[in-house]
Every structure is written in structure tokens, then in C-alpha cells.
Amino acid sequence: MERRRLKLYLLLGALVIGAFLPLLPVTNLYLLTVLILMLIFVIYASAWNLLAYSGQGSLGHAAFFGLGGYASSMIALNSGLSPCITIFAGAAFSAFVGLLIGLTCVRLKEWFLAMVTFGFAIIIQTVIVSMLASITGGWDGYAVPKLISSDIHHYLLWEYYFIFIITIITILAIRLILKSRIGLALAAIRENELEARAAGIDPVQFKLLAFTISAFIAGIAGGLEIHHFGYITPEIFGVELSFWPIIYSITGGLGTLAGPVIGTVAVSILWDGLNIFGLTYERYIIIGILLILTIIYLPRGLVSLGERFEEKREGVRDFR
Amino acid sequence: MLAVTGLNVFHGNIHVIWDLSLHVERGEIVTLLGSNGAGKTTVVETLFGLNRSASGEINFLGENISGIPAFEIVKRGIAFVPEKRELFPKMTVHENLELGAFGREGGHPEYERIFELFPVLHERKSQLAGTLSGGEQQMLAIARSLMAAPKMLVLDEPSLGLSPKLVEVVFETIQRLNGEGLTILLVEQNVRHALEISHRGYVLEGGRIVNSGTSSELLDDANVKAAYLGM
């Protein structure tokens, strides 16, 4: 019970900080931008982590992030609708592609699965810069409407709160999924797929579901990012964008709800902090080393730090 | 209730089960006996859709169920307790039971009945399954399969790796479940014990049924005595 109360206080603290930080006098536009991107990546990492919860690892999640962005911006440009709406349509498109890719992936395991997802991200990027270059502008990309028009006073602040709310809804939705029958089935499939089948679970159906939901959420994150920047280029499908959610989730705690949140916040602060101190290139090395150290000494991520300090307890559940 | 006819199974190119036929009637305990490598586990895995058969028919309650995936078979009323009581070790006892009821359509999971049968599981409800003792894990594996409210229970070597005392407890539980009307197919190496609680038995050797009969017939059979009872 003590633990539970502590968790609740931490959660409330995080919400209060998240709600009031942008209003503090020290928060300038640069800091606000950092916070906005941090939230977008919390959503993105949570999406990747949901897939990992079902025992599936993706090395190409940028495919869904990018497709969400491209689809949303094209719909916004052609329809004149606000990006605040089109990001969901973009995410739906991303989910649809996720379902198709999932169909080829759900029967694959571990490295094969990882490589296929990696391959899909490259294929999609290539299609965008070559075959679809006439509408996508190739490598140059194109300008897209801002999430909140910059004519509006304090538009960045509005943008922050809009994204803040979506982040909260996303995490609540994932929590709901993990606590439901679906979450139980996904955990069972991850733990022992053969046994899950013997328990009456159709692994293909549930893995596909995880793939689709994960692609949807990643698509939302992608849409938010490009409408925040105001432009989109095929670099959105880059390897870096596929790896960040993995780094965030592993640092925070793989397969836990709080893991991607804590991991994204911690790594982002470090990343931008190092930049402020002029370590623009060195930070790649520093983050890399820290990632290795985390994997070796803290395999269950930052969320397990608390447990480390407690006395030896009986086996603690890795997930949830 | 269950009728298998002319079953042939291959592992790659190797013919492991040859023309196997057996049947289990409602309310019976039937034992499939055999030593290591006789093909017992292959037979039950094939029944349960975890292995593909090359030919033959598996009939359950008048329907051919061969080739149907395992998660569908559970819904039709056969529950399977696998060898080495494979549980979900990193999930709690309660979650394991919840998963047992996953394939059930309609009706409420009967936790009360299960906890009455296995009081120890109630005490350890929120403990991780992997931290239970061997005997408790076997109880959980059986309890979990019962959560699906099966018409027939298939147990693959439930006595494996248990102390003699616990083996006793497990067999008593099986007998009790049978007394409550559950049909049971038991796969065992512990020949004497298994035959003592069952009605009939089949002897599997090298992938073929070489002997069958009522339990008392088999217990008196000279070959069975020599090969499995060390007499």
C-alpha cells in the first residue's frame, strides 16, 4: 500500500509539473519547444513499448511515425481541416498500413521480425522519395500547416497543452488496454506463446491488434511532430527515429507503463542539457555509453531503481 | 467421447506415430502408458492441435477436430495440462487462472470451486506462479485447465518430478475430479499408480499401441509387469 501511495504522489507531481512548467517565467520558447518534443516522444515511445509488451520488437517504427505525418499533412493541405483533427486521420492510415505490415510480421520471431520491420521503413522511405516524389517533393519535403496557427497569441503554449492532453489520453488508453483481457492475452503470448494457445488465445489475432494500435499511436506522434515543425521531409523515416523509442523504453523500463515516460524525459533532459553545454557531438557517445551501462546494470530500467533501494522482495513482476 | 482412428504423425521425415487408434468414453479415466520416447507426448500434442497429423481422424463429441488450432479445441471442451506443467511463471497465480478461463464463452469463471479444490492456491493468489513449489505448480496447472470448464481433461505426465507424497496428492485430485464427472485421459510413466486410478489403459511402444485393456487386465499382464512394474 505504501508503494501505491508513493506512486500516486509521483504521478500527481508529474502532472502538476507538466501542467505548470510552461507557465513559469524561466520557460522561454526554446524550452517550450524541448518540452513539446519531449511529450511527442513520450507518445511515440509508449506506442513502441506497447508492441514490445506483446513480445514483438520493431526496428522500423519510424515507418508508422512518418506515415502518420505524411498522411495527416496531405489531408490537412487538401481539405483545409485543422491539423488537430487530421492527425487522427493520419494515424488511422498509419494503423491501416500497420495492419498490413503486421500480417507479414506476426508469424515472425525476434530477429526476423526486427529485420522485416526495419526493411519496411526503408521501403516506405524509398517509395516516398522516388515513386511519389511528384506529390511529396522528394528529399526536400514540403511545408505543412502548423498545429496551432502562429497568428494566435501564445500559439506554442496552446500547442503544448493540446499535446499534453493527448499524451495523458494516450497513456490512459494504453493502461486500459494492458489491464483488460487484451493486456492479459498479450502478456501470456509474450511469456509463452505455445501455452497461450493452449489457454485458448489466438496469438495471431492479438499480435495483429497490438501492431495496429501501436502503429496508430505512433502515427499520432508523427503527425504532432511535423505539424509542430511546419514541414516534413523523408528523413522522418530515418534510422534515428526508429531507434529513439527503443532507447527511451529500455532506459525507462521495457514493458512498463511508466518506462517510456520516465525514459523519454530523462534521456531528453540529458540530450538537450549536453547540447546547452556545447557537447553537440559528444552527446551521442555519452548517451551510447549510458545506454550500455543501463542495459548491463539496470536491465529493467529506471523504473526499477525504486525497487533496488527497497529490501529484497519476493520476485517482482517484470511487466505492469 | 473421444475417438482416435488410424492416426499417423511425422516429425519431419521420421514416422513417429503409427496407425494409432484409441477411444475414451464419458466418465472414464483412461491411461496412455509408455516409456520415454514412446511417443506419448506427440499423441496428446496432436490431439490438441499442437502437432499436425499426416492421416487419421480425431473425433470429439461427434465432430472431427483434427487440424483445428489449439485455441479452438479448448473452446470445444478439451483442456490440456502439458508436461512439466508449463505455466506463465512471471504472472501471478490469479492471472494464470484468469488465462485458463480465457477461451470460455459465457458463464462466470468458477474461482470459488477452484479455490475450494485447491485451497493453497487461494493463499498464494497474488504470488508469481514461478515462485510456487513443484507440487503447487502442478496444482495450478490443473486448476488453470479446469477454469476452461472442460468436458475432458488431458494430463501429460502430471507426476513428473514430484515427490512420492505429492504424486499421491495429484492422483487423488485426478480421481476426485473424475468422481465429479470429468472425463480424463492420463499420460503416464508411473504405470502402477496410473493404472490403479484408471478404468482402462493403452500401452504405447515405439509409436504403436502394443497392448490395451482394463486396468486390472494390464496390471496382471506378464509383459506389462516385466517392462513397467519390474516384476
_What Kirkwood Rh does chain B have if only Cα atoms enter the pairwise 1/r average? Answer in Å._
18.0
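Starting from the Cα-Cα distance between A:Leu305 and A:Arg181, subtract it from 0.36 nm times their residue separation and give me the gain in nm to one decimal.
41.7 nm
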*So for the range A:150-199, Kirkwood radius off the Cα pairs, Stokes-Einstein at 25 °C and 0.890 mPa s: how many µm² s⁻¹?*
182
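Only Lys, Arg, Asp and Glu count, each charged at its Cβ (+1, +1, -1, -1), so figure out the dipole size of chain A about its Cα centre, rounded to 20 debye.
Dipole of chain A, to the nearest 20 debye: 900 debye.
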_Theoretical FRET efficiency, 1/(1+(r/R0)^6), r = Cβ-Cβ of A:Glu110 and B:Asn8, R0 41 Å, to 0.05_ = 0.80
*Provide the percentage of antiparallel DSSP beta bridges, counting only those with both residues in the protein assembly as shown; round to the nearest 5.*
55
*asked:* Students often get this wrong: which residues of the range A:32-71 have the backbone nitrogen under 17 Å from the point 7 angstrom along Cα-to-C-beta of A:Leu81?
replied: A:67-71
*Between the range B:1-61 and the range B:152-231, the Cα center-to-center distance that results, in Å*: 16
*Amide H neighbours of A:Leu257 under 5 Å, counting only residues 5+ apart in sequence or on other chains, H built in-plane at 1.01 Å?*
A:Arg320
*asked:* Give me the percent relative contact order of the range A:35-237, please, defined on Cα pairs under 8 angstrom at least 6 residues apart.
replied: 45
*Can you run the Rg to Rh ratio on the range A:151-263? Use alpha carbon positions and the Kirkwood inverse-distance Rh.*
1.05
_So, R0 is 35 Å and r is the distance between the beta-carbons of B:Arg192 and B:Ser21; what FRET efficiency does that work out to, to 0.05?_
0.90
*Cubic angstrom per residue, convex hull over Cα atoms of the protein assembly as shown*: 185
*Say each of B:Val169 and B:Ala222 gets a label point 7 Å from the Cα, pointing the same way as Cα to Cβ; how far apart are those two points in nm?*
4.2
*By what distance, in whole Å, do the Cα atoms of the range B:149-225 stretch along each of the three principal axes, largest value first?*
35, 29, 23
_Amide hydrogen neighbours beyond the local backbone of B:Thr183, cut-off 5 Å, H modeled_ = B:Gly27, B:Leu153
*For the range A:1-101, report the translational diffusion coefficient in µm²/s to the nearest whole number, using Stokes-Einstein at 10 °C, 1.306 mPa s, and a Kirkwood Rh over Cα pairs.*
98
*Across the range A:267-272, in residue order, what do the Karplus-derived ³J(HN,Hα) couplings come to in whole Hz, using 6.51 cos²θ - 1.76 cosθ + 1.60 with θ = phi - 60° and x for Gly and Pro?*
5, 5, 4, 4, 4, 6
*asked:* Can you tell me what percent of all Cα-Cα pairs in the range A:35-237 are more than 27 Å apart?
replied: 31
*Rounding to the nearest 20 debye, state how big the charge dipole of the range B:161-231 is about its Cα centre with +1 on each Lys and Arg Cβ and -1 on each Asp and Glu Cβ.*
100
*asked:* Compute, for the protein assembly as shown, the length of the dipole vector about the Cα centre, with Cβ point charges of +1 (Lys, Arg) and -1 (Asp, Glu) only. Units Debye, rounded to 20.
replied: 780
*Taking the inverse of the average 1/r across all pairs of different Cα atoms in the range B:1-97, what Kirkwood radius in Å do you get?*
14.6
_Spin-label pair A:Leu298/B:Ser35, simplified geometry with 7 Å Cα→Cβ offset, distance in nm_ = 5.6
*Write down the radius of gyration of the range A:209-268 and its Dmax, each obtained from C-alpha positions, in Å.*
12.4, 33
_chain B, relative contact order in percent, only Cα pairs under 8 angstrom and at least six apart counted_ = 27
_Once you keep just the Cα pairs under 8 angstrom separated by 6 or more residues, what percentage relative contact order results for the range A:83-191?_
18
*Nearest-0.05 FRET efficiency for A:Leu11 and A:Tyr231, computed from C-beta distance (R0 41 Å)*: 0.70
*For B:Lys40, which lysines qualify as cross-link partners when the Cα separation must be under 30 Å and same-chain residues fewer than eight apart are set aside?*
A:Lys109, B:Lys75, B:Lys84, B:Lys90, B:Lys151, B:Lys165, B:Lys225
*For B:Asn211, list long-range residues whose amide hydrogen, built 1.01 Å from N in the peptide plane, is under 5 Å from its own amide hydrogen.*
B:Val203
*Note down the nm distance, to one decimal, between modelled labels 7 Å out along Cα→Cβ at A:Trp139 and at A:Leu100.*
2.6
*Ordered by residue, what ³J(HN,Hα) values in Hz, to whole numbers, does the range A:122-138 give under the Karplus form 6.51 cos²θ - 1.76 cosθ + 1.60, where θ = phi - 60° and Gly and Pro are x?*
5, 4, 5, 4, 5, 4, 5, 7, 10, 4, 9, 4, 5, 9, 9, x, x
_Theoretical gain in end-to-end length, A:His154 to A:Tyr30 [0.36 nm per residue, Cα-Cα removed]_ = 43.3 nm
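Values in this text are rule-based calculations from the coordinates and carry no lab data. Since we're looking at a predicted model, the values are computed, not measured. Heads up, the Cβs are rebuilt from the backbone with ideal geometry, glycines too, and the neighbour counts pull from every protein chain shown.
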